[in-house]
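Below you'll find the structure, written out as structure tokens, and then a few comments.
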Amino acid sequence: MTRTVHIAGGGVSGLATALLLARRGVAVEVHERKATGGGRFAGGWQVLENGTCRQDALAEIAALGVESSFDTIPARHAIFLDGTGRVFEVASREPFAYFVRRGGGAGSLDDALGRQARAAGAVFAPPGEAPEGVDVVATGPRQADGVAKEVVFSSNLKDTVAVLFDPLLTPTGYAYLFCLDGHATFGVAQVRGIAGLARARDAAWARFREVFGAFRVERLHDGGQFMNFCIPAHLSGRDGRWYVGEAAGVQDYLFGLGNRLALRSAGLAADGLLGRWDQRAFLERLRQPMIASVALRFAFERAGRRSFAALCRRAAQGDFRQLLVRLQAPRPALRGLSRVIMAIWRERRGCRHAPVCSWCRRRQR
Ligand SMILES: Cc1cc2nc3c(=O)[nH]c(=O)nc-3n(C[C@H](O)[C@H](O)[C@H](O)COP(=O)(O)OP(=O)(O)OC[C@H]3O[C@@H](n4cnc5c(N)ncnc54)[C@H](O)[C@@H]3O)c2cc1C
């Protein structure tokens, strides 16, 4: 390819696409509106999930051609809180996730991807809105299929990885508190009941304070974000542009985790731009896991306090990563169930997703 490929958005998917193309000798220019990569995040913790397939997430990234030069903290232990006030400890031998920081700080996922892309020869336009007519759209969410409210702060809380599953407090969602090396992230993510999100956040915060005591909260940064979910038919849109990451709707529907899929979509799109589109890999590694996650989300939203308590108990009894992999593996029965749910939940009146969406959920009106 002789011309310059222009990429809108310098978050995980845009930076990874830039890096993978630049490594293969393609001239690339990244257009990011903020001064730092992944600019919509404020340095908080996110996970790179390691529980949707047997392959280790860092091994997958290495195979893609991305170095793990960002800080990672393997997660092998967590505390789950259920709606009845019980506390469960879960553990796994292999990490069920890797904690990474998002936003521009040194050692963050975005910072590392940006450095690798620059080193490979990618050019970065001055911060600002991407121009019209880019080749790759990596601008993150476009509409509110879900919303997350998150707070990043410094704290004296000892290392903690805690998740609260209480369908009465955080309907269709969950709350989390991660504190690692004195750096903490607290948030609530919900797909439905968005109007009640602020109330859910306050209640979840009170619950964590009850369990973990009066830890210090300093240098607080408060934010709210959309989340996009839709199942893409292809990563190349009808408008001739490529869509990656959340701009393509690529996100696990169960928990709203998108970093690993964003990286995967970057690899597939980079190959596609070079004329080596791999339809089979697209189906197996992107579409099938996403489809399978629809049935799991359906179950998640219908579970009551008792079911969550039972699930937490089960998680605490065995190896948590193995349980996650078993649960989320896109086996045919799960995908079959998802197809039925997708028919019921289907948005029939058109949607505003990127023009590659083949399925998305009916929106609340
Ligand atoms: C609060 C919250 C917590 C999350 N936690 C997790 C987690 O723990 N694990 C996980 O796997 N996923 C998590 N996710 C989802 C994950 O953040 C996304 O799936 C992932 O960031 C998608 O990457 P992306 O490159 O598509 O988008 P982004 O990382 O959002 O990058 C998009 C970039 O495009 C830029 N941009 C947007 N519009 C323009 C424009 N017009 N011109 C130029 N630049 C533009 C933005 O500034 C941004 O830097 C979370 C999401 C939220 C909201």
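The values are calculated or read from the model by the stated rules, or taken from the named source; none is laboratory data. Only a predicted model underlies this, so the values are computations on that prediction, with no experimental measurement involved. Here Cβ is always computed from backbone atoms with ideal geometry, including for glycine, and neighbour counts include all displayed protein chains.
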TODO: Can you tell me which residue within segment 104-132, out of those that are assigned to a loop (DSSP other than H, G, I, E, B) and within 18 Å of the chain's Cα centre (by Cα), is farthest from the ligand (Cβ to nearest atom)?
DONE: Ser108
TODO: Scan segment 115-124 and give yes if some residue there is crowded, with 22+ Cβ neighbours inside 10 Å and charged (D, E, K, R), otherwise no.
DONE: no
- [ ] Tell me, please, whether a residue that is in the same structural domain as Leu113 (by TED's automatic domain parsing) and under 30 Å from Arg102 (Cα atoms) can be found in segment 340-351.
- [x] yes
Task: Selection status of Gly9, within 16 Å of the ligand (Cβ to nearest atom) and either buried (at least 21 other Cβ atoms within 10 Å of the Cβ) or not acidic (Asp, Glu) (or both) - done: yes
Task: Number of the exception - Leu268 against (1) assigned to a helix (DSSP H, G or I); (2) in contact (Cβ under 8 Å) with a residue 40 or more places away in the chain; (3) aliphatic (A, V, I, L, M); (4) within 16 Å of the ligand (Cβ to nearest atom) - done: (2)
Open item on the list: Condition first: in contact with a Pro (Cβ under 8 Å, 6 or more places away or on another chain), modelled with pLDDT of 95 or more and not in a strand (DSSP E or B). Now tell me which residues in segment 67-103 satisfy that.
Closed with: Arg76, Pro95
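Okay, residues lined up against (1) out of contact with any Leu (no Cβ under 9 Å at 6 or more places or on another chain); (2) more than 27 Å from Ala18 (Cβ to Cβ); (3) away from the ligand (no atom under 15 Å from the Cβ); (4) in a helix (DSSP H, G or I):
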residue	(1), (2), (3), (4)
Gly272	no, no, yes, yes
Gly275	yes, no, yes, no
Pro289	no, no, no, yes
Ala292	no, yes, yes, yes
Ala295	no, yes, yes, yes
Open item on the list: Could you check segment 195-251 and list, in sequence order, the residues that are crowded, with 23+ Cβ neighbours inside 10 Å and part of a loop (DSSP other than H, G, I, E, B)?
Closed with: Asn228, Phe229, Cys230, Leu235, Val244, Gly249, Val250, Gln251
- [ ] List every residue pair whose Cβ atoms sit under 7 Å apart, with the two residues 6 or more apart in sequence or on different chains, where the first one lies in segment 40-64 and is in the same structural domain as Ala269 (by TED's automatic domain parsing) and at positive phi and the second, anywhere, is outside any loop (DSSP other than H, G, I, E, B) and within 14 Å of the ligand (Cβ to nearest atom).
- [x] Gly43/Arg101; Gly43/Val152
- [ ] Answer with yes or no whether Arg54 is over 19 Å from Phe208 (Cβ atoms), surrounded by fewer than 19 Cβ atoms within 10 Å (Cβ to Cβ), more than 16 Å from the ligand (Cβ to nearest atom) and not small (Gly, Ala, Ser).
- [x] yes
Open item on the list: Suppose the filter is of a type in the set (Gly, Ala, Ser) and either surrounded by 12 or more Cβ atoms within 10 Å (Cβ to Cβ) or closer than 21 Å to Pro171 by Cβ (or both); does Ala316 pass it?
Closed with: yes
- [ ] Would you check if there is a residue in segment 30-51 being away from the ligand (no atom under 16 Å from the Cβ) and either within 25 Å of Leu177 (Cβ to Cβ) or loosely packed, with under 15 Cβ neighbours inside 10 Å (or both)?
- [x] no
TODO: Could you list all residues from segment 149-172 that are part of a strand (DSSP E or B) and either β-branched (Val, Ile, Thr) or modelled with pLDDT of 95 or more (or both)?
DONE: Val151, Val152, Phe153, Ser154, Thr160, Val161, Ala162, Val163, Leu164, Phe165
